[in-house]
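Q: Got a structure for you, written out below as structure tokens; questions coming shortly.
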Amino acid sequence: MPIIEPVKDERLKTLEEYFRDEYKEMLSVASYMLNNQALAEVAVQDTFVVALENIDKLTASPSPVGWLYVVLKNNVRHMWRDQRTMLKHFVSLEDTPEIEAMDTGHEVNSLINEDNNHEMELLIQFYIQGYSIKELARKYGISIGACKMRIKRAKDRLKNNYSSS
């Protein structure tokens, strides 16, 4: 963990002003994104910790408030990933009643095979976590068109599975 050097009073006052001016709005945004007030508070607080650790970058930014919101967005993404990882450890797909209800003569394993799993992951990252198509294509090393198609397939698969049950 980096050691935080003492901050000059002027920069610290500026950070305090951003905190006072933006905290409520940032908390509202994070609450909406995470659908959890406690996690939203942690995300916003972590944003200001990062801001304090990177006070030079914040004050040098042409849009310091925008810089704070980018950090908040990244914090929320990390929280989503952490939650998803924890859920994988605690929830077995075979034990969930939703999967049994979805099975309408199709083999459950065919609904959650390896290819479909990657497409569903793309769908979640696009619609829930807020990644752009361009970011996802770059992340997975695929073309933008392929990324769009995979998201569409996953979306169609969800619609078909829920509409036929």
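Q: Pick out the one residue from LEU58, LEU52, LEU12 that is more than 15 Å from ARG77 (Cα to Cα), touching a helix residue (DSSP H, G or I) at 6+ places or on another chain (Cβ under 6 Å) and assigned to a helix (DSSP H, G or I).
A: Only one candidate passes the filter, namely LEU58.
Q: Out of the residues in segment 119-165 that are under 26 Å from LEU34 (Cβ atoms) and polar (S, T, N, Q), state the one that is modelled with the lowest pLDDT.
A: Residue satisfying both the conditions and the ranking: GLN129.
Q: Go through segment 38-51 and count every residue that is modelled with pLDDT under 90 and surrounded by fewer than 18 Cβ atoms within 10 Å (Cβ to Cβ).
A: Residues meeting the conditions: 1.
Q: Between a first residue in segment 122-134 that is part of a helix (DSSP H, G or I) and a second residue that is of a type in the set (Val, Ile, Thr), which pairs have beta carbons less than 6 Å apart while being 6 or more apart in sequence or on different chains?
A: Cβ pairs passing all conditions: LEU122/ILE151; LEU123/ILE151; PHE126/ILE151; ILE133/ILE144.
Q: Here is a check on your reading of the model: is GLU25 more than 21 Å from HIS78 (Cβ to Cβ) and assigned to a helix (DSSP H, G or I)?
A: Spelling it out, it is not the case that GLU25 is more than 21 Å from HIS78 (Cβ to Cβ) and assigned to a helix (DSSP H, G or I).
Q: Can you spot a residue in segment 6-26 that is touching a Phe, Trp or Tyr at 6+ places or on another chain (Cβ under 9 Å) and closer than 24 Å to GLU135 by Cα?
A: For segment 6-26, residues touching a Phe, Trp or Tyr at 6+ places or on another chain (Cβ under 9 Å) and closer than 24 Å to GLU135 by Cα: present.
The values are calculated or read from the model by the stated rules, or taken from the named source; none is laboratory data. Not measured: the values here are computed from a predicted model. Neighbour counts are summed over all protein chains in view; Cβ atoms, including those assigned to glycine, are modelled from backbone coordinates with ideal geometry.
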